[in-house]
Amino acid sequence: MEPQDIYRELGRNIRRYRKGAHRTQQEIAIAIGISRASLANIEAGRQQVLVHHLYAIADALDLDSPTVFMPSLSGSASQVDLLPDLPLPKEGLNDKQRLEIMQLLGNVLNRGAETTERGDE
């Protein structure tokens, strides 16, 4: 995986979780102490992101760890990219719960994809 691919996928993952939490770039940028333009560049994969900013972004999104943003080792898009289209209810779940469901489903989908790739069915 090339460095530019890593930053692009990292940025897509940050954007996916931010949108899943119904937060704007401006809100997250203010929360972590960077400009909205910098966050937009990070999400687009045009700007490298500092490790402490990854932790701050995860914290601003009420996530336990920034590891959810990390690109897959295969470097290819997975079924996790489909998660924003899941019909999660707006009522009855707070943003953190919605993100946890998306994360859980993403882990299940990733394990299923790995099993299929290895032929372990």
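For segment 18-68, how many residues are basic (Lys, Arg), in a helix (DSSP H, G or I) and farther than 21 Å from GLU100 by Cα? Write out each step before concluding.
In the first step, residues of segment 18-68 are kept if they are basic (Lys, Arg); the result is 18-19, 23, 36, 46.
Those still in the list that are in a helix (DSSP H, G or I) too: 18-19, 36.
Then drop every residue that is not farther than 21 Å from GLU100 by Cα, which leaves 36.
Number satisfying all stated conditions: 1.
Any chance segment 89-100 includes a residue that's closer than 21 Å to GLU9 by Cβ, under 14 Å from the mean Cα position of the chain (by Cα), of a type in the set (A, V, I, L, M) and modelled with pLDDT under 70?
No, that holds for no residue.
Could you look through segment 48-75, keep only residues that are open to solvent by 60 Å² or more (accessible area, probe 1.4 Å) and among the polar types (S, T, N, Q), and pick out the one that is modelled with the lowest pLDDT?
Looking at residues that are open to solvent by 60 Å² or more (accessible area, probe 1.4 Å) and among the polar types (S, T, N, Q), I get SER74.
Could you identify the single residue in PRO3, PRO84 that is modelled with pLDDT under 90 and in contact with a helix residue (DSSP H, G or I) (Cβ under 6 Å, 6 or more places away or on another chain)?
Every option except PRO84 fails the conditions.
So that you can scan it fast, the table gives a plain yes or no per residue for (1) in contact (Cβ under 8 Å) with a residue 40 or more places away in the chain; (2) at positive phi; (3) under 13 Å from the mean Cα position of the chain (by Cα):
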| site | (1), (2), (3) |
| --- | --- |
| LEU10 | yes, no, yes |
| ILE34 | no, no, no |
| ALA37 | no, no, no |
| ILE42 | no, no, yes |
| VAL49 | yes, no, no |
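Please enumerate the residues belonging to segment 1-17 that are among the basic types (Lys, Arg) and under 20 Å from ILE101 (Cα atoms).
The answer is ARG12, ARG15, ARG16.
The values are calculated or read from the model by the stated rules, or taken from the named source; none is laboratory data. As the structure is a prediction and not an experimental result, all values here were calculated from the model. Don't worry about glycine lacking a Cβ; one is built from the backbone with ideal geometry, like all the others, and counts go over all protein chains shown. These accessible areas exclude ligands, DNA and RNA; they are computed on the full protein's heavy atoms, side chains included. Shrake-Rupley method; radii C 1.70, N 1.55, O 1.52, S 1.80 Å.
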